[in-house]
Structure formats: structure tokens, C-alpha cells
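Chemist: Let me give you the structure first, and then I'll get to my questions.
Computed from the coordinates by the stated procedures, all read-outs in this text should not be read as laboratory data. Only a predicted model underlies this, so the values are computations on that prediction, with no experimental measurement involved. Glycine also receives a Cβ, built like all others from the backbone with ideal geometry; neighbour counts cover every protein chain displayed.
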Amino acid sequence: MKREVPLALTFLMTLLRFLFEMINPLLNYEISEGVMLFSRISFSVTFMYCMGLFMGLINLTRVHGNTIKRRREHWIYSVWLLIVLYGYAILGLFFGGLESEAFNWIYDAVIVPLDSTMFSMLAFFIASAAYRAFKIRNVESLLMMVVAFIVMLGNVSLGNAIWGSESWLGGFSGIKDWLLAIPNAASQRAIGIGVFLGAYAAILRVALGLEKRYLGGTDW
Amino acid sequence: MLNQLVLAADVKWGIFVPDDSTIAGLFLAIGMALLVYVMIQRARAGLPIPEIRRIPGLEAFEEAVGRATEMGRPVHITSYYQDVGDYDTWAFWAYLAHVAKLCASYDTRIINTNSEWLSMTVNEEIIRQAYLEAGRPDAFNPDDVRFMSDWQFGYTMGVAGMIAREKPAANFLVGYFYAEALILAEAGALVGAIQVAATSATAQLPFFVASCDYTMIGEEFYAGAAALSKEPVIYGSVVSQDITRVVFVILCIIGALLNTAGSSLLVDMLKF
């Protein structure tokens, strides 16, 4: 029963979701005035997420609490993490929430700049990854290097100055547009079709109970 | 009680949602489900089913865990987008179970980082079970299954920092990723980890190809999840996936020829 009930529930919910996508009267079924069945079922997911939030909180407290208790390396950062975690939660829950100036200031002055900083680091990582990827080791990497060179030149004004868009083949910009619109789009769509079919097969495996790893364990 | 407005709407074949490709999608779903059923039945009866091609990235998992064992360093596995109801998460669990089983049998430490609270509990259970099955329940450390943040760059900072501190010898980036993909892969490359990526996120594929030793592209990610089982019954679903893909290629060619000849018959059928 420990396995059969979740498997049956998975099959039923997958079937129900499929029917909601397909059957119009079911999708628009109202259980009472203005309350759709679909939105009510979807709400159960929100409820589960709220429960999950507490699990995350417990896990973080346990992991970092152990680090502090055993004085592991960098334990002081765990203290700081717990202060920020609970401090910000208490500030939001008991001191005005979204209306609180302090709550919003912390978000705007700390979280947003940190987010932007981390995102901007991508530029440096792209440079280091490109350095490795563009090393010419075989025919494929040579091809990739040449194509990347053309696309980069097609995107900057220097490329336009060397070979303008008014000239033969539309210059670097024209070739870049062709590369992106034809070979790139074709391969992207081919991968897209593969992803769709793979995802559908994966859903079927779970719905039919062939794949049971989400129940825990390593057996199929 | 049915909504009167809906009854008046222009539904397809009386009951179906009036969106593009509803009926075509229905036929595709039924067709592929039948194909999966047939292949599974053939596999169960011991009848031959077509072979699926070898995926080099899959073999790299064992190689990478072996290397980590030799070096005495941990193995790290993560997926950013981990919605419990998402098929990418289901595929991720197959890889997690495989890696956890390898780590448990080699007595190698496994670290799993998470951005989702619900999935984290499933991940913890999968890893715990792997250690139990390997006869080493004491070796399982629940502190190594870590929740980072559900905020994208908070998670990224946490994982990149963990990689820099713990220096895993193998870094597995499996699942759906967004802009954090390159940061995680580069963090792994900086500590010299052998890296295997598997994703269906086409926008992140170039970054993984540039930074990782092995990359499983698109449907390889899902097929690999099934192929790990080594069970003919599961293989059946991958074979049906391949057959449907061949049908799609044929349809693409016929559609291109028909469109060139000025007929939109196939496009209209698929859009119905």
C-alpha cells in the first residue's frame, strides 16, 4: 500500500491534468459562483509549497545549527545566515511587512545590488568559458570559432565598419542574421522537438508507474 | 453546473478546448501512448526491440565518481529548477539515484544542493535509501543535502561558494537551468572538477558545452534517465520516443514539400 496509493494518485492526477487541458467543459467547470474547479485544485499546490517553506527553514536551521555547534570551518557565516534569515522574517511578519520602510530598504539596498552583482559576473565567466571553447582542437571547434567570430562582429559597430551591411551579402550583420535565422533556428527547433518527445515519454513513464524514483529509493 | 458562456463558445468536436493543435495533440498523445505500450509488451515478452544509441555522457557518471573516490574528494549534484510536478525534476531523480548509488557503493561523499524545499526532501530520501541499500546507513550525512535559496542568484552564490570551499572532484549539473548555468559550470571548472551536464534548456546548452567535459543535449537528458535503469521495459519508452521522432522528421519533410508546392494541408492538420 505504501507504493500502490502514491502510484494510483499519480496516475489519476496526470490523467486529470491531461483532461483539463483537453476537455473544455471540465476546464471551465464552476463548483460555485465564480470558483473554478481547476483553480481550486491548483490551490492545493500553493498549500504544499507553504508546507515546503517550513521544511526548507528547518533544514537550513539544522544544517547551520550543526555547523555552529561543532565549530566547523567558517561557522561564523552560519551565525550570520541564521541572524539574517530569522531577522528578516521577523521584520516582515511583525513589523509592517511590505509597508515597512526598513523591510523595503533591505530589499532595495542589499538584495537587488547583490542580485545585479552576481548576474554581472556572467560577463567574466563567459570570457573564461569562451577562451576554453574557442581553442581550435578539431574541425568542429574551428567551425564554432569562425561562426562565433562572425556573429560577434555582426553585433558590434566595428564589424559594420569593416564590412558594412550595405555591401555584398549584407556584411557581417547580414551573415549573422542568416546564421541565426536559418541554421541556428533549424537546430534549435530540432532540439525542441526532441525535448518535447523526451518530456512526453518521461511523463508517460511516471504516469504508468514505470518510473518510481520519486517515491524514494533507487529501484525502478 | 456548466458555465453557459463556455457552452456557447466555439469548442472543437463538441467538447475539446478551442486552442491550436488540441486535436492533433490528442492523436499524438494517444499514438505515442500506444507505441509505448506495444514496446513495453514486446520487452516483457522477450521479443526484440530496437537498440537505442549509446550516450557518452551517461558513462561519464561512473568515471567521474570513480575519479572523486580516488582523489578522496566529494561529488556534487544539483538542479536549479526543481518543481516537484515537473518532468525535468523526475528525470533528475533518476540521475540522483544513480549517482547516490555509485557514491554509496564507493563510500564517496555526495553533496546535493537545492533551490526547492519539497524536492529537497525527496532528494534526501533517495540518497538515504541508496546508502541503506549499500549497507552503509551511517555514512549518510543529512547535512550534505542542502537547501540554498529559492532566489536564483542566492542559490547560485551558495552553490558557487560551496564548490570553492568543498572542491568536489565531480560536478553534475542535471536538470533545468537558467542564467546561473554558466556560473555553476565555471565554478566547477575552476576547482578542476570533472563536469557532466544534462539539460533540456536549449538556451543554456552553449554554456555547458563550453564549460563541461560532457553535455547531454535535450532529449538525451530524458532518454539517459530511462537508460540508466538498464531494464528493457523502461527502454521501451525510449524506443517509442525515437520512433516518434523519425515520424516527426518525415512529417517535417512532407510539410516542407507540400508548403513549397503551395499546400498548407499538413500545417492545417497539425494546427487543428
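Chemist: Excluding residue A:79 itself, calculate the net charge of residues whose Cβ lies under 14 Å from the Cβ of residue A:79, where each Lys or Arg counts +1 and each Asp or Glu counts -1.
Modeler: Around residue A:79, the charge tally is +3.
Chemist: Another one. When chain B is modelled as a GNM with alpha-carbon springs shorter than 10 Å, which of B:174, B:36, B:75 fluctuates the most?
Modeler: With Cα springs under 10 Å in chain B, the top fluctuation among B:174, B:36, B:75 is at B:36.
Chemist: Once amide H atoms are placed 1.01 Å from N in the peptide plane, what residues at a sequence separation of 5 or more from residue A:23, or on another chain, have their amide H within under 5 Å of its amide H?
Modeler: Here the answer is B:17, since their amide H atoms fall under 5 Å of that of residue A:23.
Chemist: Mind checking segment A:78-148 for trypsin sites (Lys or Arg not before Pro) that DSSP puts in a loop (not H, G, I, E or B) and that have at most 14 other Cβ atoms within 10 Å? Intermediate results must be reported in sequence, preceding the final value.
Modeler: Values: sites: A:132, A:135, A:137; in loops: A:135, A:137.
Loop-located and lightly packed - A:135, A:137.
Chemist: Next question, about the same structure. Considering only DSSP states other than H, G, I, E and B, which trypsin sites (Lys or Arg not before Pro) in segment A:1-78 qualify as loop sites with at most 13 other Cβ atoms within 10 Å?
Modeler: Here the sparse-neighbourhood loop sites are A:2, A:3, A:70, A:71, A:72.
Chemist: Moving on. Which of B:66, B:255, B:175 moves most in a GNM of chain B, Cα contacts under 10 Å?
Modeler: B:255
Chemist: In segment B:32-74, which GluC sites (Glu not before Pro) are in a loop and have at most 11 other Cβ atoms within 10 Å, using DSSP for the loop call?
Modeler: Answer in residue order: B:51.
Chemist: Modelling each spin label as a point 7 Å along the Cα-to-Cβ direction, I'd like the residue A:161/residue B:30 distance in nm, to one decimal.
Modeler: For the pair residue A:161/residue B:30, the computed spacing is 6.4 nm.
Chemist: Here is a further query. Could you go through segment A:50-65 in sequence order and give the Karplus-derived ³J(HN,Hα) for each residue, using 6.51 cos²θ - 1.76 cosθ + 1.60 with θ = phi - 60°, rounded to whole Hz, and x for Gly and Pro?
Modeler: Per-residue couplings from phi come out as 5, 5, x, 4, 5, 4, x, 4, 5, 4, 4, 5, 5, 4, 7, x Hz.
Chemist: Could you list the square roots of 5 times each eigenvalue of the Cα gyration tensor of segment A:1-94, that is, the equivalent ellipsoid semi-axes, sorted largest first and rounded to whole Å?
Modeler: On the way: eigenvalues 357, 76, 16 Å².
Taking √(5λ) for each Cα gyration eigenvalue gives 42, 20, 9 Å.
Chemist: Sorting A:74, B:98, B:76 on the 10 Å Cβ count, fewest up front, what's the list?
Modeler: On the way: A:74 9, B:98 25, B:76 30.
Sorted ascending by nearby Cβ count, the order is A:74, B:98, B:76.
Chemist: Please build a GNM for chain B, connecting alpha carbons under 10 Å apart, and tell me which residue among B:24, B:179, B:223 fluctuates the most.
Modeler: Greatest mean-square fluctuation among the candidates belongs to B:24.
Chemist: Another question about this same structure. What does the average come to when, for each residue of peptide B:102-112, you count the partner chain Cβ atoms lying within 10 Å of its Cβ?
Modeler: Numbers: counts 0, 0, 1, 0, 0, 0, 0, 0, 0, 0, 0.
That works out to 0 on average.
Chemist: Would you mind getting me the FRET efficiency between residue A:5 and residue A:51? Use the beta-carbon distance for r and R0 = 22 Å, nearest 0.05. Provide the component values of the computation, followed by the final result.
Modeler: Values: r = 19 Å, r/R0 = 0.86.
About 0.70, to the nearest 0.05.
Chemist: Given the Cα-Cα distance of residue A:23 and residue A:89 and 0.36 nm per residue of separation, how much length would full extension add, in nm?
Modeler: Details: separation 66, 0.36 × 66 = 23.76 nm, distance 4.27 nm.
Computed gain between residue A:23 and residue A:89 is 19.5 nm.
Chemist: Packing-wise, with mean Cβ within 10 Å as the measure, how do A:183-194, A:89-100 rank, highest first? Can you show the working numbers first?
Modeler: Working: A:183-194: 14.5, A:89-100: 11.4.
For the peptides A:183-194, A:89-100, the packing ranking is A:183-194, A:89-100.
Chemist: Filter A:2/B:101; A:2/A:69; A:135/A:212 down to the pairs with a C-alpha to C-alpha distance above 31 Å, please. Don't jump to the answer; show the numbers that get you there.
Modeler: On the way: A:2/B:101 22 Å; A:2/A:69 37 Å; A:135/A:212 43 Å.
In this structure, A:2/A:69; A:135/A:212 lie more than 31 Å apart at Cα.
Chemist: What number, rounded to the nearest 500 deg cm²/dmol, is the helix-based mean residue ellipticity at 222 nm of the protein assembly as shown, given -39500 (n - 2.57) per DSSP H run of at least four residues and division by all its residues? Walk me through the intermediate numbers first.
Modeler: On the way: 21 runs with 318 residues, N = 492.
Value at 222 nm, helices only, nearest 500: -21000 deg cm²/dmol.
Chemist: Under 5 Å between amide hydrogens, which residues at least 5 positions from residue B:201 or on another chain qualify, with H placed 1.01 Å from N in the peptide plane?
Modeler: B:177
Chemist: So, one more: Which whole number gives the average, over all residues in A:4-13, of C-beta atoms from other chains lying within 10 Å of the residue C-beta? Spell out each step's value before the answer.
Modeler: On the way: counts 0, 0, 0, 0, 0, 0, 0, 0, 0, 1.
The per-residue average across the peptide is 0.
Chemist: Going by amide H atoms built from the backbone, whose H comes under 5 Å of the H on residue B:146, apart from near neighbours?
Modeler: B:112, B:113, B:114
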